[in-house]
Every structure is written in structure tokens, then in C-alpha cells.
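One structure below.
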Amino acid sequence: MDNIITIDGPSASGKGSLTRSIADNLSFDVLDSGLLYRAYAYLYEKGVQTSEIASYIKNLSFQFNLNDVHVYDNKEEITTTLRSEKIAQVASTLSSIKETRKNLLEIQRSFYDGHGLVADGRDMGTVVFPKAKLKIFLTASSEVRAKRRHIELQNRGQEVNMRDLIEDIEERDLRDRTRTLSPLIPAEDSVVIDSSTMSLDEVLSFTKKLAKKEFDK
């Protein structure tokens, strides 16, 4: 099996924070597939032809640390733009198109170089890395996820209405679950974690135990 941990789940379930924490703990690399889709949407909005977007993405710089990730287009940081709700909605729409997923599949797989990888997304364990050693499906209620997203956006200086956030999250969940291509579902061999009443530290502690059990075999 590949030396990979996949962390799938719906929007704002805490996948990013968990992914970076586990990767830091194990000294693994990170794949934030959601950010790749946002980068795809960003380039699409800039007018780049879909057949050329994958090549453009390879020229972007993704810099990860324990607390966050920063993305640069040449020397211009575009992280805030990629994290905006506008780009999120475009990315969600584009992700349901077969051409988009095909264009990004090999780029996602290229993040694994044999050393070790924690991959965060919607279909990491079902489609991108089906042979991953440990698969996590992280979820939470839409209300809890909306509160987390609200705090995240406030910290970035963006103001969004809570009711609008809940509606957006529930609509996105429905699209992700019911789409024909790579629907948002747990892999059969994944461990499902509902973090609605758990802190990040509690989720991290539980996941560390799972990783230790799996990787110490």
C-alpha cells in the first residue's frame, strides 16, 4: 500500500487543519486538493483555456506550514483570492465537470513521491489514492461547519452572513453527494469521524492513534 493518509469530507469539516497537523507530526508532505481546484477556478476566471490550466497550475508555488498554506502566482500571493467564497463556488461548479477532474488527477498524484503524503479532499480515498494506507472521512453538522467558516473568513477580513453560509454549505453538500462523477462518499475502508462536538486537538489525538496503529505494522 502507498505510504499515504487520505482525509476526505465536506467543506469546512476541519480537513485542512487536521491534514497539516498530521503531516507535521509524521514529517509527511501535504496535498490540499481543494486548493488545487480553487487554483483551477482562479485561472479559469482569468480566462486561461481549460486545456492549458493544468500546465499553469504547475507553475504556481504552494508553501505549507503547520498553521496555513500560501499560494503564489509568480511573486504575487493569491491565497486570499483562492479562499474567497466567489472562487469556492466556481471551483465547486467546475469540479463536477469530467474534464476538470481529468486535468487535475495526475497533478494530484504527482504530490506523492514515495516519502509520505497526507492528502486532503473529497475523493482522495475513493479515486485519487484508492490504495492509501489510512483513510479518514471527517464530517460535522452544517451549522458547526458554517460557524468555523465564518470565523475563518472573519480572520481573513471578510464578512459573510451566517444564514447564507449555512445555505451555501448545504447546497454544496448536496451537489457533492449527488454528482455522478466522484461523489462525496466515504471509502468502504475509511474511518468516519464526526467532529461536531470534538475540538481539533481531540480529532488530532484520535487520528494520531489510528496512524500509529497503521504505520507501526
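The values are calculated or read from the model by the stated rules, or taken from the named source; none is laboratory data. Here the structure is a predicted model, which means the values were calculated and not measured. Every residue, glycine as well, gets a Cβ built from its backbone with ideal geometry; the counts of neighbours run over all protein chains shown.
Looking at V118, V90, V127, can you tell me which residue is of a type in the set (V, I, T), under 30 Å from K209 (Cβ atoms), at pLDDT 90 or above and surrounded by fewer than 19 Cβ atoms within 10 Å (Cβ to Cβ)?
When all the criteria are applied, what remains is V127.
Of the conditions (1) in contact with a helix residue (DSSP H, G or I) (Cβ under 6 Å, 6 or more places away or on another chain); (2) farther than 20 Å from A146 by Cβ; (3) assigned to a helix (DSSP H, G or I), T6 clears all except one; give me its number.
For T6, the exception is condition (3).
Could you check how many residues of region 105-121 are over 19 Å from L204 (Cα atoms) and either in contact (Cβ under 8 Å) with a residue 40 or more places away in the chain or not in a loop (DSSP other than H, G, I, E, B) (or both)?
Within region 105-121, residues that are over 19 Å from L204 (Cα atoms) and either in contact (Cβ under 8 Å) with a residue 40 or more places away in the chain or not in a loop (DSSP other than H, G, I, E, B) (or both) number 10.
Would you mention how many residues in region 171-201 are farther than 15 Å from L138 by Cα, under 17 Å from the mean Cα position of the chain (by Cα) and charged (D, E, K, R)?
Residues meeting the conditions: 2.
Would you be able to tell me the number of residues in region 24-33 that are part of a strand (DSSP E or B) and surrounded by 17 or more Cβ atoms within 10 Å (Cβ to Cβ)?
So the answer is 3.
What residue, among those in region 28-76 that are more than 18 Å from the chain's Cα centre (by Cα) and basic (K, R), is farthest from G121 (Cα to Cα)?
By that ranking, first place goes to K75.
Tally up the residues in region 178-193 that are exposed (fewer than 12 other Cβ atoms within 10 Å of the Cβ) and at pLDDT 85 or above, please.
Going through region 178-193 one residue at a time, the tally reaches 3.
Which residue out of A211, A146 is assigned to a helix (DSSP H, G or I), more than 18 Å from the chain's Cα centre (by Cα), surrounded by 12 or more Cβ atoms within 10 Å (Cβ to Cβ) and not charged (D, E, K, R)?
A211
Between residues in region 141-165 that are over 11 Å from S13 (Cα atoms) and residues that are part of a helix (DSSP H, G or I) and of a type in the set (D, E, K, R), which pairs lie under 8 Å by C-beta distance while being six or more apart or on different chains?
Partner pairs satisfying both residue conditions: L153/E85; Q158/E85; V160/E85; V160/R149; M162/K147; L165/R149.
Name the residue, out of S17, S21, S55, that is farther than 20 Å from L82 by Cα, in a helix (DSSP H, G or I) and hydroxyl-bearing (S, T, Y).
Among S17, S21, S55, only S21 is farther than 20 Å from L82 by Cα, in a helix (DSSP H, G or I) and hydroxyl-bearing (S, T, Y).
Only residues that are over 27 Å from I22 (Cβ atoms), surrounded by fewer than 18 Cβ atoms within 10 Å (Cβ to Cβ) and of a type outside the set (F, W, Y): list them for region 42-72, please.
E45, K46, G47, V48, Q49, T50, S51, E52, S55, N59
Being under 22 Å from S195 (Cβ atoms) and polar (S, T, N, Q) is the filter here, so list the residues in region 100-157 that pass it.
If the condition is that a residue be under 22 Å from S195 (Cβ atoms) and polar (S, T, N, Q), then T126, T139, S141, S142, Q154, N155 are the ones that fit.
Condition check: acidic (D, E), over 29 Å from K131 (Cβ atoms) and touching a strand residue (DSSP E or B) at 6+ places or on another chain (Cβ under 8 Å). Does E77 satisfy that?
Numbers: acidic (D, E): yes; over 29 Å from K131 (Cβ atoms): yes; touching a strand residue (DSSP E or B) at 6+ places or on another chain (Cβ under 8 Å): yes.
Spelling it out, E77 is indeed acidic (D, E), over 29 Å from K131 (Cβ atoms) and touching a strand residue (DSSP E or B) at 6+ places or on another chain (Cβ under 8 Å).
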